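Below is one structure; the comments refer to it alone.
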Amino acid sequence: MNKLTAKHKKNEEYSILITDIGTNGEGIGHIEDGYTLFVRGAIIGDTVLTRIIKPAKNYGIGKLMRIISPSPYRIETACPISNRCGGCQISSLSYEKQLELKENKVRELLIRLGGFDADYIDSVFNPIEGYDGDPFRYRNKAQYPVGTDRDGNPIIGFYSVHSHRIVPCDDCLIGSDADASIKSCILSYIIKNHISCYDESANTGLIRHILIRTAYATGEVMVCLVINGKSLPEKDELVNQLLAIDFEGKWKITSICTSSNTTDTNVIMGNSYDIIFGNGYITDKIGEISFQISPLSFFQVNPAQTEKLYSLALKYAALNGNETVWDLYCGIGTISLFLAQKAQYVKGVEIIPQAIDNAITNARINGITNVDFYVGKAEEVLPEYYSNANAGDKALVPDVIVVDPPRKGCDTTCLDTMLKMTPSRIVYISCDPATLSRDLKYLCVDGAYQLSAVTPVDMFPHSSHVETAVLLNRQIK
Ligand code: SAH
(Lines give C-alpha, C1' and ligand atoms only; values in the text may rest on other atoms or scores of the structure.)
Protein backbone atom coordinates (compact mmCIF):
# COMPACT_ATOMS: atom_id res chain seq x y z
CA MET A 1 0.00 0.00 0.00
CA ASN A 2 1.36 3.43 -0.88
CA LYS A 3 2.01 5.74 2.04
CA LEU A 4 -0.46 8.60 1.83
CA THR A 5 0.69 11.96 3.04
CA ALA A 6 -0.97 15.32 2.64
CA LYS A 7 2.00 16.60 0.73
CA HIS A 8 3.77 14.18 -1.52
CA LYS A 9 7.49 13.99 -1.96
CA LYS A 10 9.85 13.60 -4.86
CA ASN A 11 10.59 10.02 -5.97
CA GLU A 12 7.43 8.55 -4.42
CA GLU A 13 5.91 6.02 -6.81
CA TYR A 14 2.22 5.33 -7.34
CA SER A 15 0.11 3.33 -9.67
CA ILE A 16 -2.73 5.47 -10.97
CA LEU A 17 -5.49 5.32 -13.55
CA ILE A 18 -5.34 8.13 -16.14
CA THR A 19 -8.77 9.73 -16.33
CA ASP A 20 -8.23 13.02 -18.13
CA ILE A 21 -5.87 14.93 -20.36
CA GLY A 22 -4.11 18.26 -19.70
CA THR A 23 -3.73 21.27 -21.96
CA ASN A 24 -0.41 20.01 -23.26
CA GLY A 25 -1.64 16.45 -23.76
CA GLU A 26 -0.32 15.04 -20.48
CA GLY A 27 -2.31 12.25 -18.86
CA ILE A 28 -4.00 13.29 -15.61
CA GLY A 29 -4.73 10.92 -12.76
CA HIS A 30 -5.21 11.04 -9.01
CA ILE A 31 -3.59 9.30 -6.09
CA GLU A 32 -6.11 7.79 -3.65
CA ASP A 33 -6.07 10.91 -1.45
CA GLY A 34 -7.14 13.03 -4.41
CA TYR A 35 -3.70 14.53 -5.16
CA THR A 36 -3.43 15.17 -8.92
CA LEU A 37 -0.53 13.99 -11.05
CA PHE A 38 0.29 15.03 -14.62
CA VAL A 39 2.09 12.26 -16.49
CA ARG A 40 3.48 12.87 -19.97
CA GLY A 41 3.17 9.90 -22.31
CA ALA A 42 0.21 8.41 -20.44
CA ILE A 43 -3.23 8.52 -22.04
CA ILE A 44 -6.80 8.20 -20.84
CA GLY A 45 -7.55 4.64 -19.77
CA ASP A 46 -3.94 3.67 -19.02
CA THR A 47 -3.03 2.41 -15.56
CA VAL A 48 0.56 3.49 -15.06
CA LEU A 49 3.34 3.36 -12.54
CA THR A 50 4.52 6.93 -12.07
CA ARG A 51 7.29 8.51 -10.02
CA ILE A 52 6.81 12.05 -8.70
CA ILE A 53 9.53 14.25 -10.11
CA LYS A 54 8.10 17.68 -9.23
CA PRO A 55 5.79 17.83 -6.25
CA ALA A 56 3.81 21.09 -5.96
CA LYS A 57 1.19 22.01 -3.37
CA ASN A 58 -1.94 21.06 -5.29
CA TYR A 59 -0.60 18.83 -8.00
CA GLY A 60 2.59 17.10 -9.07
CA ILE A 61 4.45 16.10 -12.21
CA GLY A 62 4.98 12.38 -12.50
CA LYS A 63 7.39 10.50 -14.75
CA LEU A 64 5.94 7.58 -16.65
CA MET A 65 7.86 4.55 -15.33
CA ARG A 66 5.78 1.77 -16.81
CA ILE A 67 2.37 1.15 -18.31
CA ILE A 68 0.80 -1.43 -16.00
CA SER A 69 -2.26 -1.95 -18.19
CA PRO A 70 -2.68 -0.11 -21.45
CA SER A 71 -5.73 1.93 -22.31
CA PRO A 72 -8.25 0.27 -24.65
CA TYR A 73 -7.89 3.43 -26.79
CA ARG A 74 -4.13 3.07 -27.14
CA ILE A 75 -2.88 2.56 -30.69
CA GLU A 76 0.55 1.91 -32.16
CA THR A 77 1.56 5.28 -33.61
CA ALA A 78 3.10 5.26 -37.06
CA CYS A 79 5.63 7.88 -35.97
CA PRO A 80 8.98 6.50 -34.75
CA ILE A 81 9.83 9.58 -32.66
CA SER A 82 6.42 10.32 -31.14
CA ASN A 83 7.61 9.84 -27.56
CA ARG A 84 10.58 12.21 -27.97
CA CYS A 85 9.31 14.96 -30.28
CA GLY A 86 7.19 17.66 -28.65
CA GLY A 87 4.74 17.92 -31.55
CA CYS A 88 1.96 15.34 -31.35
CA GLN A 89 1.01 14.88 -27.72
CA ILE A 90 -1.92 12.48 -28.10
CA SER A 91 -0.95 10.41 -31.13
CA SER A 92 -1.12 7.14 -29.13
CA LEU A 93 -4.85 7.67 -28.75
CA SER A 94 -7.19 6.38 -31.47
CA TYR A 95 -8.40 9.25 -33.68
CA GLU A 96 -12.00 8.59 -32.68
CA LYS A 97 -11.08 8.97 -29.03
CA GLN A 98 -9.03 12.11 -29.75
CA LEU A 99 -12.14 13.69 -31.25
CA GLU A 100 -14.32 12.63 -28.35
CA LEU A 101 -11.81 14.09 -25.93
CA LYS A 102 -11.68 17.44 -27.71
CA GLU A 103 -15.46 17.62 -27.91
CA ASN A 104 -15.77 16.89 -24.17
CA LYS A 105 -13.13 19.46 -23.34
CA VAL A 106 -15.07 22.24 -25.12
CA ARG A 107 -18.37 21.13 -23.58
CA GLU A 108 -16.98 20.93 -20.03
CA LEU A 109 -15.27 24.33 -20.22
CA LEU A 110 -18.44 25.99 -21.51
CA ILE A 111 -20.26 24.63 -18.47
CA ARG A 112 -17.53 25.19 -15.88
CA LEU A 113 -16.02 28.51 -17.00
CA GLY A 114 -18.80 29.78 -19.28
CA GLY A 115 -21.51 29.34 -16.65
CA PHE A 116 -23.92 27.66 -19.08
CA ASP A 117 -26.34 24.98 -18.06
CA ALA A 118 -25.33 21.45 -19.20
CA ASP A 119 -28.72 20.73 -20.83
CA TYR A 120 -28.59 24.06 -22.61
CA ILE A 121 -25.11 23.32 -23.97
CA ASP A 122 -26.32 19.94 -25.22
CA SER A 123 -29.15 21.66 -27.12
CA VAL A 124 -26.77 23.93 -29.09
CA PHE A 125 -23.73 21.65 -29.37
CA ASN A 126 -22.82 20.04 -32.71
CA PRO A 127 -20.46 17.09 -33.11
CA ILE A 128 -16.82 17.96 -33.73
CA GLU A 129 -15.78 18.30 -37.38
CA GLY A 130 -13.00 15.74 -37.63
CA TYR A 131 -10.46 15.28 -40.39
CA ASP A 132 -11.79 13.22 -43.30
CA GLY A 133 -9.69 10.18 -44.11
CA ASP A 134 -6.34 9.44 -42.57
CA PRO A 135 -5.44 12.28 -40.19
CA PHE A 136 -1.87 12.60 -41.49
CA ARG A 137 -0.06 14.83 -44.02
CA TYR A 138 -2.31 17.74 -43.14
CA ARG A 139 0.13 20.50 -42.18
CA ASN A 140 1.18 23.00 -44.84
CA LYS A 141 4.00 24.52 -42.79
CA ALA A 142 6.94 23.15 -40.82
CA GLN A 143 9.84 24.85 -39.09
CA TYR A 144 12.72 22.43 -38.54
CA PRO A 145 15.56 23.40 -36.20
CA VAL A 146 19.06 22.64 -37.50
CA GLY A 147 22.00 21.78 -35.24
CA THR A 148 24.60 19.12 -34.59
CA ASP A 149 24.60 15.82 -32.75
CA ARG A 150 27.13 14.86 -30.07
CA ASP A 151 29.69 13.98 -32.72
CA GLY A 152 29.29 17.29 -34.49
CA ASN A 153 27.28 15.91 -37.44
CA PRO A 154 24.59 18.21 -38.83
CA ILE A 155 21.01 17.24 -37.93
CA ILE A 156 17.59 18.54 -38.90
CA GLY A 157 14.54 17.65 -36.84
CA PHE A 158 12.29 18.90 -34.08
CA TYR A 159 12.87 20.03 -30.52
CA SER A 160 12.14 17.34 -27.98
CA VAL A 161 9.51 18.03 -25.34
CA HIS A 162 10.26 21.03 -23.06
CA SER A 163 13.78 21.39 -24.41
CA HIS A 164 15.87 22.63 -27.28
CA ARG A 165 17.54 19.31 -27.88
CA ILE A 166 17.00 18.37 -31.53
CA VAL A 167 15.46 14.98 -32.29
CA PRO A 168 16.41 14.17 -35.91
CA CYS A 169 13.37 13.66 -38.09
CA ASP A 170 13.56 12.44 -41.68
CA ASP A 171 9.87 12.55 -42.42
CA CYS A 172 7.22 14.08 -40.20
CA LEU A 173 3.97 12.22 -40.84
CA ILE A 174 1.66 15.15 -40.14
CA GLY A 175 3.70 17.35 -42.50
CA SER A 176 3.78 17.50 -46.27
CA ASP A 177 5.43 14.64 -48.18
CA ALA A 178 7.53 17.25 -50.02
CA ASP A 179 9.59 17.97 -46.89
CA ALA A 180 11.70 14.81 -46.56
CA SER A 181 13.56 15.22 -49.86
CA ILE A 182 14.00 18.97 -49.30
CA LYS A 183 15.58 18.36 -45.89
CA SER A 184 17.85 15.66 -47.20
CA CYS A 185 18.93 17.92 -50.09
CA ILE A 186 19.77 20.73 -47.65
CA LEU A 187 21.63 18.30 -45.38
CA SER A 188 23.81 17.14 -48.31
CA TYR A 189 24.52 20.76 -49.23
CA ILE A 190 25.52 21.54 -45.62
CA ILE A 191 27.83 18.52 -45.42
CA LYS A 192 29.40 18.98 -48.85
CA ASN A 193 30.16 22.67 -48.31
CA HIS A 194 31.17 22.31 -44.63
CA ILE A 195 28.55 24.84 -43.59
CA SER A 196 28.17 25.30 -39.86
CA CYS A 197 24.89 24.65 -38.02
CA TYR A 198 23.54 26.73 -35.22
CA ASP A 199 24.70 26.22 -31.64
CA GLU A 200 22.19 27.89 -29.40
CA SER A 201 24.37 27.97 -26.29
CA ALA A 202 27.09 29.99 -28.04
CA ASN A 203 24.91 31.75 -30.66
CA THR A 204 27.33 30.50 -33.33
CA GLY A 205 26.93 28.52 -36.54
CA LEU A 206 25.09 29.62 -39.67
CA ILE A 207 21.99 27.53 -40.39
CA ARG A 208 19.33 27.87 -37.67
CA HIS A 209 16.02 26.66 -39.07
CA ILE A 210 14.42 25.47 -42.27
CA LEU A 211 10.93 26.71 -42.99
CA ILE A 212 8.97 24.77 -45.61
CA ARG A 213 5.51 25.89 -46.72
CA THR A 214 3.43 23.92 -49.20
CA ALA A 215 0.30 25.05 -51.01
CA TYR A 216 -1.93 22.00 -51.30
CA ALA A 217 -4.26 23.62 -53.84
CA THR A 218 -1.55 24.65 -56.31
CA GLY A 219 1.41 22.37 -55.50
CA GLU A 220 3.72 25.35 -54.94
CA VAL A 221 6.44 24.99 -52.32
CA MET A 222 8.52 27.59 -50.50
CA VAL A 223 11.83 26.88 -48.76
CA CYS A 224 13.28 29.47 -46.40
CA LEU A 225 16.57 28.99 -44.55
CA VAL A 226 16.86 31.00 -41.35
CA ILE A 227 20.51 31.98 -40.96
CA ASN A 228 22.64 33.43 -38.22
CA GLY A 229 24.44 35.73 -40.67
CA LYS A 230 23.85 37.82 -43.74
CA SER A 231 24.11 35.37 -46.62
CA LEU A 232 24.48 31.78 -47.60
CA PRO A 233 27.67 30.46 -49.25
CA GLU A 234 27.28 28.55 -52.55
CA LYS A 235 23.65 29.54 -52.75
CA ASP A 236 23.39 28.93 -56.50
CA GLU A 237 24.44 25.35 -55.91
CA LEU A 238 21.72 24.98 -53.25
CA VAL A 239 19.09 26.51 -55.54
CA ASN A 240 20.06 24.17 -58.38
CA GLN A 241 19.95 21.12 -56.13
CA LEU A 242 16.59 22.05 -54.66
CA LEU A 243 15.13 22.69 -58.10
CA ALA A 244 16.44 19.32 -59.31
CA ILE A 245 14.40 17.36 -56.75
CA ASP A 246 11.98 15.05 -58.52
CA PHE A 247 8.58 15.36 -56.85
CA GLU A 248 6.96 13.29 -59.60
CA GLY A 249 4.87 16.24 -60.67
CA LYS A 250 3.20 16.67 -57.30
CA TRP A 251 5.12 19.68 -56.00
CA LYS A 252 7.14 22.51 -57.50
CA ILE A 253 9.54 24.69 -55.54
CA THR A 254 8.64 28.20 -56.69
CA SER A 255 10.29 30.26 -53.99
CA ILE A 256 13.58 29.96 -52.08
CA CYS A 257 14.53 32.56 -49.45
CA THR A 258 16.82 33.22 -46.55
CA SER A 259 15.85 35.10 -43.43
CA SER A 260 18.63 36.54 -41.33
CA ASN A 261 18.20 36.11 -37.59
CA THR A 262 21.33 36.85 -35.53
CA THR A 263 19.52 37.42 -32.24
CA ASP A 264 20.10 35.22 -29.24
CA THR A 265 16.39 34.44 -28.70
CA ASN A 266 13.77 31.74 -29.25
CA VAL A 267 12.15 33.65 -32.09
CA ILE A 268 12.55 31.53 -35.20
CA MET A 269 12.26 33.91 -38.14
CA GLY A 270 14.17 37.14 -38.72
CA ASN A 271 12.23 40.38 -39.30
CA SER A 272 12.68 40.26 -43.05
CA TYR A 273 13.74 37.87 -45.79
CA ASP A 274 15.86 37.83 -48.95
CA ILE A 275 14.69 36.08 -52.06
CA ILE A 276 17.27 33.80 -53.68
CA PHE A 277 14.91 32.21 -56.18
CA GLY A 278 11.36 32.99 -57.33
CA ASN A 279 9.11 35.79 -56.15
CA GLY A 280 9.15 35.36 -52.37
CA TYR A 281 5.67 33.92 -51.98
CA ILE A 282 3.53 30.93 -52.84
CA THR A 283 -0.14 31.04 -53.74
CA ASP A 284 -2.66 28.77 -52.04
CA LYS A 285 -6.44 28.63 -52.21
CA ILE A 286 -9.16 28.14 -49.65
CA GLY A 287 -12.48 27.63 -51.36
CA GLU A 288 -12.54 30.05 -54.28
CA ILE A 289 -10.15 32.58 -52.73
CA SER A 290 -6.43 32.74 -53.52
CA PHE A 291 -3.87 33.82 -50.96
CA GLN A 292 -0.27 34.92 -51.43
CA ILE A 293 1.78 33.61 -48.55
CA SER A 294 5.24 34.96 -47.79
CA PRO A 295 7.75 33.45 -45.33
CA LEU A 296 6.51 35.76 -42.55
CA SER A 297 2.73 35.53 -43.15
CA PHE A 298 0.38 33.86 -40.73
CA PHE A 299 -1.71 31.25 -42.55
CA GLN A 300 -3.80 28.48 -41.03
CA VAL A 301 -1.74 25.26 -41.11
CA ASN A 302 -4.47 22.76 -42.01
CA PRO A 303 -6.11 23.88 -45.26
CA ALA A 304 -8.73 21.09 -45.43
CA GLN A 305 -10.01 21.87 -41.94
CA THR A 306 -9.65 25.63 -42.45
CA GLU A 307 -12.15 25.45 -45.27
CA LYS A 308 -14.59 23.71 -42.90
CA LEU A 309 -13.95 26.31 -40.21
CA TYR A 310 -14.46 29.27 -42.53
CA SER A 311 -17.57 27.64 -44.02
CA LEU A 312 -18.97 27.45 -40.50
CA ALA A 313 -18.14 31.13 -39.98
CA LEU A 314 -19.93 31.92 -43.22
CA LYS A 315 -22.93 29.76 -42.29
CA TYR A 316 -23.20 31.35 -38.84
CA ALA A 317 -22.87 34.85 -40.32
CA ALA A 318 -25.99 33.99 -42.42
CA LEU A 319 -25.30 36.69 -45.02
CA ASN A 320 -27.68 37.66 -47.80
CA GLY A 321 -25.64 40.41 -49.42
CA ASN A 322 -26.86 43.47 -47.50
CA GLU A 323 -24.79 43.15 -44.38
CA THR A 324 -21.93 45.10 -42.91
CA VAL A 325 -19.50 42.78 -41.15
CA TRP A 326 -16.50 43.45 -38.91
CA ASP A 327 -13.80 40.78 -38.91
CA LEU A 328 -11.66 41.36 -35.81
CA TYR A 329 -8.19 39.73 -35.55
CA CYS A 330 -8.31 39.23 -39.31
CA GLY A 331 -4.66 38.24 -39.98
CA ILE A 332 -4.04 38.28 -43.74
CA GLY A 333 -7.77 38.73 -44.36
CA THR A 334 -8.64 35.07 -44.84
CA ILE A 335 -12.05 35.17 -43.12
CA SER A 336 -12.72 38.75 -44.31
CA LEU A 337 -12.34 37.75 -47.96
CA PHE A 338 -14.37 34.60 -47.45
CA LEU A 339 -17.20 36.70 -45.98
CA ALA A 340 -16.86 39.51 -48.54
CA GLN A 341 -18.16 37.12 -51.22
CA LYS A 342 -21.55 37.19 -49.49
CA ALA A 343 -21.68 40.50 -47.56
CA GLN A 344 -22.18 44.08 -48.67
CA TYR A 345 -19.11 45.31 -46.83
CA VAL A 346 -16.42 43.82 -44.58
CA LYS A 347 -14.07 45.70 -42.27
CA GLY A 348 -11.02 43.79 -41.04
CA VAL A 349 -8.85 44.72 -38.03
CA GLU A 350 -5.41 43.28 -37.33
CA ILE A 351 -2.48 44.31 -35.14
CA ILE A 352 0.37 43.32 -37.49
CA PRO A 353 0.95 45.84 -40.33
CA GLN A 354 2.59 43.28 -42.68
CA ALA A 355 -0.45 41.01 -42.32
CA ILE A 356 -2.66 43.91 -43.41
CA ASP A 357 -0.33 44.49 -46.41
CA ASN A 358 -0.93 40.83 -47.32
CA ALA A 359 -4.68 41.23 -46.74
CA ILE A 360 -4.81 44.19 -49.13
CA THR A 361 -2.84 42.25 -51.78
CA ASN A 362 -5.10 39.22 -51.29
CA ALA A 363 -8.21 41.35 -51.78
CA ARG A 364 -6.67 42.79 -54.96
CA ILE A 365 -5.63 39.48 -56.54
CA ASN A 366 -9.16 38.16 -55.99
CA GLY A 367 -10.78 41.31 -57.37
CA ILE A 368 -12.58 41.87 -54.05
CA THR A 369 -13.33 45.56 -53.49
CA ASN A 370 -15.93 45.56 -50.70
CA VAL A 371 -13.38 45.29 -47.86
CA ASP A 372 -11.41 47.79 -45.76
CA PHE A 373 -8.57 46.88 -43.46
CA TYR A 374 -7.41 48.69 -40.33
CA VAL A 375 -4.07 48.20 -38.59
CA GLY A 376 -4.24 48.25 -34.79
CA LYS A 377 -5.51 46.48 -31.72
CA ALA A 378 -9.15 45.40 -31.96
CA GLU A 379 -9.70 46.87 -28.47
CA GLU A 380 -8.46 50.25 -29.71
CA VAL A 381 -9.63 50.41 -33.33
CA LEU A 382 -13.21 49.37 -32.60
CA PRO A 383 -13.91 51.85 -29.72
CA GLU A 384 -12.19 54.64 -31.65
CA TYR A 385 -14.27 53.94 -34.72
CA TYR A 386 -17.38 53.73 -32.57
CA SER A 387 -16.78 57.09 -30.91
CA ASN A 388 -15.78 58.89 -34.14
CA ALA A 389 -18.28 57.39 -36.52
CA ASN A 390 -20.94 59.56 -38.05
CA ALA A 391 -24.57 58.91 -37.36
CA GLY A 392 -26.01 56.94 -40.23
CA ASP A 393 -22.79 54.96 -40.76
CA LYS A 394 -23.93 51.37 -41.27
CA ALA A 395 -20.72 50.01 -39.76
CA LEU A 396 -21.69 51.60 -36.44
CA VAL A 397 -24.42 49.01 -36.06
CA PRO A 398 -22.93 46.07 -37.98
CA ASP A 399 -25.11 43.11 -38.77
CA VAL A 400 -22.37 40.67 -37.88
CA ILE A 401 -19.10 40.80 -35.93
CA VAL A 402 -16.66 37.92 -36.40
CA VAL A 403 -13.78 37.52 -33.94
CA ASP A 404 -10.85 35.10 -34.23
CA PRO A 405 -8.52 36.15 -31.40
CA PRO A 406 -5.23 34.53 -30.29
CA ARG A 407 -5.30 32.16 -27.32
CA LYS A 408 -5.70 34.86 -24.71
CA GLY A 409 -9.12 35.71 -26.14
CA CYS A 410 -10.71 39.17 -26.46
CA ASP A 411 -9.93 42.18 -24.35
CA THR A 412 -12.94 43.36 -22.27
CA THR A 413 -12.84 46.79 -23.96
CA CYS A 414 -13.33 44.98 -27.26
CA LEU A 415 -16.20 42.88 -25.84
CA ASP A 416 -17.83 46.01 -24.32
CA THR A 417 -17.69 47.82 -27.66
CA MET A 418 -19.13 44.80 -29.44
CA LEU A 419 -22.04 44.83 -26.96
CA LYS A 420 -22.55 48.57 -27.60
CA MET A 421 -22.55 48.08 -31.37
CA THR A 422 -25.45 45.61 -31.03
CA PRO A 423 -24.78 43.39 -34.08
CA SER A 424 -27.55 40.85 -34.74
CA ARG A 425 -24.99 38.06 -34.73
CA ILE A 426 -21.53 37.49 -33.30
CA VAL A 427 -19.44 34.64 -34.71
CA TYR A 428 -16.64 33.67 -32.36
CA ILE A 429 -13.82 31.48 -33.75
CA SER A 430 -11.52 30.34 -30.98
CA CYS A 431 -8.34 28.35 -30.60
CA ASP A 432 -8.68 28.15 -26.80
CA PRO A 433 -11.93 26.86 -25.30
CA ALA A 434 -11.05 28.26 -21.84
CA THR A 435 -10.83 31.90 -22.94
CA LEU A 436 -13.74 31.30 -25.32
CA SER A 437 -15.88 30.20 -22.36
CA ARG A 438 -14.81 33.23 -20.33
CA ASP A 439 -15.70 35.61 -23.17
CA LEU A 440 -19.03 33.89 -23.89
CA LYS A 441 -19.94 34.29 -20.24
CA TYR A 442 -19.35 38.03 -20.64
CA LEU A 443 -21.40 38.26 -23.82
CA CYS A 444 -24.22 35.84 -22.96
CA VAL A 445 -24.59 35.10 -19.29
CA ASP A 446 -23.99 38.72 -18.28
CA GLY A 447 -24.62 40.38 -21.65
CA ALA A 448 -27.31 40.58 -24.28
CA TYR A 449 -26.50 37.58 -26.46
CA GLN A 450 -27.75 34.06 -26.64
CA LEU A 451 -25.49 31.13 -27.42
CA SER A 452 -27.12 29.51 -30.47
CA ALA A 453 -24.58 27.06 -31.90
CA VAL A 454 -21.22 25.53 -30.98
CA THR A 455 -19.13 23.39 -33.33
CA PRO A 456 -15.61 22.24 -32.44
CA VAL A 457 -13.29 21.69 -35.42
CA ASP A 458 -10.18 19.51 -35.27
CA MET A 459 -7.52 21.63 -36.94
CA PHE A 460 -4.62 19.75 -35.34
CA PRO A 461 -5.07 15.96 -35.26
CA HIS A 462 -2.72 14.25 -32.72
CA SER A 463 -2.20 17.45 -30.73
CA SER A 464 -4.38 18.40 -27.79
CA HIS A 465 -5.52 21.68 -29.38
CA VAL A 466 -9.06 22.26 -30.49
CA GLU A 467 -10.67 25.07 -32.47
CA THR A 468 -14.31 26.06 -31.96
CA ALA A 469 -16.82 28.03 -34.02
CA VAL A 470 -19.67 29.64 -32.10
CA LEU A 471 -22.77 31.61 -33.08
CA LEU A 472 -24.36 34.17 -30.77
CA ASN A 473 -27.67 35.83 -31.52
CA ARG A 474 -28.74 39.15 -30.06
CA GLN A 475 -31.52 38.90 -27.52
CA ILE A 476 -34.00 41.71 -27.66
CA LYS A 477 -34.57 42.49 -24.00
N1 SAH B 1 -8.46 35.24 -38.73
C2 SAH B 1 -7.13 34.99 -39.18
C3 SAH B 1 -6.06 35.13 -38.10
C4 SAH B 1 -6.35 34.52 -36.77
S5 SAH B 1 -4.96 34.43 -35.68
C6 SAH B 1 -7.04 33.65 -39.88
O7 SAH B 1 -7.92 32.81 -39.73
O8 SAH B 1 -6.08 33.42 -40.60
C9 SAH B 1 -5.21 35.81 -34.63
C10 SAH B 1 -4.72 37.11 -35.24
O11 SAH B 1 -4.94 38.15 -34.29
C12 SAH B 1 -3.22 37.15 -35.54
O13 SAH B 1 -3.06 37.54 -36.88
C14 SAH B 1 -2.67 38.23 -34.58
O15 SAH B 1 -1.63 38.97 -35.15
C16 SAH B 1 -3.88 39.08 -34.36
N17 SAH B 1 -3.92 39.86 -33.10
C18 SAH B 1 -3.38 39.54 -31.91
N19 SAH B 1 -3.74 40.44 -30.97
C20 SAH B 1 -4.53 41.35 -31.59
C21 SAH B 1 -5.24 42.51 -31.14
N22 SAH B 1 -5.18 42.90 -29.88
N23 SAH B 1 -5.97 43.19 -32.05
C24 SAH B 1 -6.04 42.80 -33.34
N25 SAH B 1 -5.40 41.70 -33.82
C26 SAH B 1 -4.66 40.99 -32.95
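The values are calculated or read from the model by the stated rules, or taken from the named source; none is laboratory data. Just so it is clear, the structure is predicted and the values come from calculations on it, not from any experiment. So basically every Cβ, Gly included, is an ideal-geometry build from the backbone, and we count neighbours across all protein chains shown. Accessible surface is based on the protein model in full, side chains and every heavy atom, while ligands, DNA and RNA are left aside. Shrake-Rupley method; radii C 1.70, N 1.55, O 1.52, S 1.80 Å.
Worth pointing out:
- Amide H contacts of VAL402: TRP326, ASP327, LEU328, VAL427, each under 5 Å away and 5 or more positions distant or on a separate chain (H built 1.01 Å from N in the peptide plane; Pro and chain starts excluded).
- Centre-to-centre, using Cα atoms only, the stretch 288-360 and the stretch 142-202 are separated by 34 Å.
- Counted over the chain with a bin width of 20 Å, the fraction of Cα pairs per bin, in whole percents, is 22, 50, 27, 1.
- Hits among lysines - C-alpha to C-alpha of LYS54 under 30 Å, sequence gap 8 or more where chains match: LYS3, LYS7, LYS9, LYS10, LYS63, LYS97, LYS102, LYS105, LYS408
- In terms of overall dimensions, the C-alpha atoms belonging to the stretch 330-406 reach 33, 25, 18 Å along their principal axes, ordered largest to smallest.
- Under the convention that each Lys and Arg Cβ holds +1 and each Asp and Glu Cβ holds -1, the size of the dipole of the stretch 324-466 around its Cα centre is about 240 debye.
- Rounded Å value of the spacing that divides the Cα centres of the stretch 124-138 and the stretch 421-469: 18
- Interatomic Cα distance distribution for the stretch 187-287, bins of 5 angstrom, percent: 3, 12, 22, 23, 18, 12, 7, 2, 1, 0
- The spacing between the stretch 245-287 and the stretch 17-65, judged by their C-alpha centroids, is 40 Å.
- Percentage of interatomic Cα-Cα distances in the stretch 31-154 larger than 17 Å: 72
- Extending 7 Å from the Cα toward the beta-carbon at both ASP149 and HIS30 defines two label points whose distance is 4.5 nm.
- Over the stretch 182-310, Cα pairs under 8 Å with separation of 6+ residues give a relative contact order of 21 percent.
- In the stretch 324-363, the portion of solvent-accessible area held by carbon and sulfur atoms comes to 59 percent [1.4 Å probe, whole percent, DNA, RNA and ligands not counted].
- The stretch 340-477: C-alpha gyration tensor shape, a/c 1.5 cut-off, then a/b vs b/c: oblate
- Beta bridges per DSSP, both residues in the chain: antiparallel share near 65 percent.
- Carbon/sulfur fraction of accessible area - the stretch 157-274, other protein chains in place, 1.4 Å, %: 50
- Relative to the Cα centre, the charge distribution of the chain, modelled as +1 at Lys and Arg Cβ and -1 at Asp and Glu Cβ, gives a dipole magnitude of about 920 debye.
- Relative contact order (%) - the chain, alpha-carbon pairs under 8 angstrom, separation at least six: 12
- Here the Debye sum runs over all C-alpha atoms of the stretch 115-158 as equal scatterers in vacuum, and log10 of I(q)/I(0) at q = 0.18, 0.23, 0.27, 0.31 Å⁻¹ comes out as -0.75, -0.87, -0.96, -1.08.
- Karplus (6.51, -1.76, 1.60) ³J(HN,Hα), θ = phi - 60°, over the stretch 182-188, in Hz, Gly and Pro reported as x: 5, 5, 5, 5, 5, 4, 4
- Per residue, in Å², the accessible surface of the stretch 1-160 once ligands and nucleic acids are set aside, probe 1.4 Å: 54
- Taking the empirical scaling 2.2 N^0.38 Å for compact globular proteins as reference, the stretch 271-344 has a Cα radius of gyration ratio of 1.26.
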